[in-house]
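The values are calculated or read from the model by the stated rules, or taken from the named source; none is laboratory data. Quantities reported herein were computed from a predicted structural model and do not represent experimental measurements. Ideal geometry is used to build each Cβ from the backbone, glycine not excepted, and the neighbour counts take in all protein chains shown.
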Amino acid sequence: MNPTELNKYWTDIYFYLRYQNQNEDKISHQGVRILQLLDKCEHIGIKEVAKNIDVSHNTASEHVKRLIHKSWIHKERSTVDERMVILRLTEQGRQVLKRNANLDEGKLAHILASMTPSEKQIIDSALHLLSERAKNATNS
């Protein structure tokens with residue numbers, strides 16, 4: 001397997017198994033990336049958002065303000081350093097993220113129901129391994 005093949009599989013899976021009602025949220029690609037960042041990492045502020053999505057502090061701040069206005073994230077003061085503002089997902093933000101970044105669980109359940117236990121185990125093992133390696137790749 002090569003990276004081009006893997007990317008084709010990945011994009012096919014996402015294309016066919018994504019949620020269909022994504023447009024109702026009216027969220028930008030940058031907005032989704034910010035919600036993903038807040039979902040995966042703790043103690044995230046504007047500085048980390050800017051670095052992660054590769055924009056200026058002011059641009060990151062504007063993206064965050066829009067997400068706060070939509071009630072998808074909220075700000076709170078750090079208990080360790082009150083000067084620092086921590087961003088957190090709201091429950092509504094989690095639902096928006098699910099619709100815009102996850103695979104449709106109903107479609108997945110339908111596919112998994114047609115698989116043998118051995119096939120399910122292969123997929124589970126392969127995706128778990130890829131997930132763990134991906135986490136380590138971002139820490140390098």
Six or more apart or on different chains, Cβ atoms under 6 Å: show the pairs whose first residue is in segment 81-92 and modelled with pLDDT of 90 or more and whose second is surrounded by fewer than 13 Cβ atoms within 10 Å (Cβ to Cβ) and part of a loop (DSSP other than H, G, I, E, B). I86/H43; I86/S78; T90/S71; Q92/S71
Exactly one condition in (1) within 25 Å of Y14 (Cβ to Cβ); (2) assigned by TED's automatic domain parsing to the domain that holds G31 is not met by N136; state its number. (2)
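Looking at L97, L67, L17, can you tell me which residue is more than 24 Å from A134 (Cβ to Cβ), in contact (Cβ under 8 Å) with a residue 24 or more places away in the chain and touching a strand residue (DSSP E or B) at 6+ places or on another chain (Cβ under 9 Å)? If you could, list the steps in order and put the result at the bottom.
Details: L97 fails: more than 24 Å from A134 (Cβ to Cβ); L17 fails: more than 24 Å from A134 (Cβ to Cβ).
On inspection, the qualifying residue turns out to be L67.
If only one of K8, K70 is over 15 Å from the mean Cα position of the chain (by Cα) and either at pLDDT below 95 or more than 29 Å from H110 (Cβ to Cβ) (or both), which one is it?
Numbers: K8 fails: either at pLDDT below 95 or more than 29 Å from H110 (Cβ to Cβ) (or both).
Step by step, each of K8, K70 is checked, and only K70 is over 15 Å from the mean Cα position of the chain (by Cα) and either at pLDDT below 95 or more than 29 Å from H110 (Cβ to Cβ) (or both).
Can we say N58 is free of Cβ contacts under 8 Å to residues at least 40 places away in the same chain and within 29 Å of L130 (Cβ to Cβ)? Working first, answer last.
Details: free of Cβ contacts under 8 Å to residues at least 40 places away in the same chain: yes; within 29 Å of L130 (Cβ to Cβ): no.
For N58, the condition - free of Cβ contacts under 8 Å to residues at least 40 places away in the same chain and within 29 Å of L130 (Cβ to Cβ) - is not met.
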